Each structure stands twice: as structure tokens, then as C-alpha cells.
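Asker: Starting off with a structure, shown below.
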Amino acid sequence: MSIEPGAIALKGRSRYYAAEARRVQNLADRGPGEGHDRFLEVAREYRSLAAWYDDGDSRADEPAALKLQPRAA
């Protein structure tokens, strides 16, 4: 089994985004209030990124989270 260049970095990113998804989901789970929907959206985006970085065999399509534009203030 060979290790592809960057594979370890991708696994690190996968773990990072998975941990961030859990952290943000915990904030959302505290109950409704200001920013609740945004917390849920960010947690979904982080889970999407974690899955994308974890799946080294199918990188043809970028996850939607990578294509998001900054929100207007």
C-alpha cells in the first residue's frame, strides 16, 4: 500500500472539520435563539468538508461548502 502525497494532510483536515462540526452542532443543540439556523448550516458544511477530505478516491466534485461565497453584512 502506497501513501499518496498529501494523504496525511487530508486526513488531518478531515479530523479538523469533523471536530468543528461536532463543536458547532453542540452550540446549535443548546436550543433555539439568535444564530441557531446558521449554526446548523455551518455544522452541515463542516460535515460535508470532513466527508470530502476523508474520501480520497472521489475528488471529482467539490463539496458545496467550498463553493460558498461570504455572506453580505
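The values are calculated or read from the model by the stated rules, or taken from the named source; none is laboratory data. This structure is a prediction, so every number in the text was calculated from the model and none was measured. Cβ sites come from the backbone with ideal geometry, for glycine too, and all protein chains shown count toward neighbours.
Asker: When both residues are 6+ apart or on different chains and their Cβ atoms are under 7 Å apart, which pairs have a first residue that lies in the range 14-37 and is among the hydroxyl-bearing types (Ser, Thr, Tyr), and a second that is not in a loop (DSSP other than H, G, I, E, B)?
Answerer: Ser14/Ala50; Ser14/Tyr53; Ser14/Asp54; Tyr17/Tyr46; Tyr17/Leu49; Tyr17/Ala50; Tyr17/Tyr53
Asker: Taking the condition hydroxyl-bearing (Ser, Thr, Tyr) and modelled with pLDDT under 85, does Tyr16 pass?
Answerer: Here the answer is no, as Tyr16 does not meet what is asked.
Asker: Here's something else I'd like to know. Could you list, in sequence order, all residues of the range 19-57 that are assigned to a helix (DSSP H, G or I), surrounded by fewer than 17 Cβ atoms within 10 Å (Cβ to Cβ) and at pLDDT below 85?
Answerer: Matches in the range 19-57: Asp54 only.
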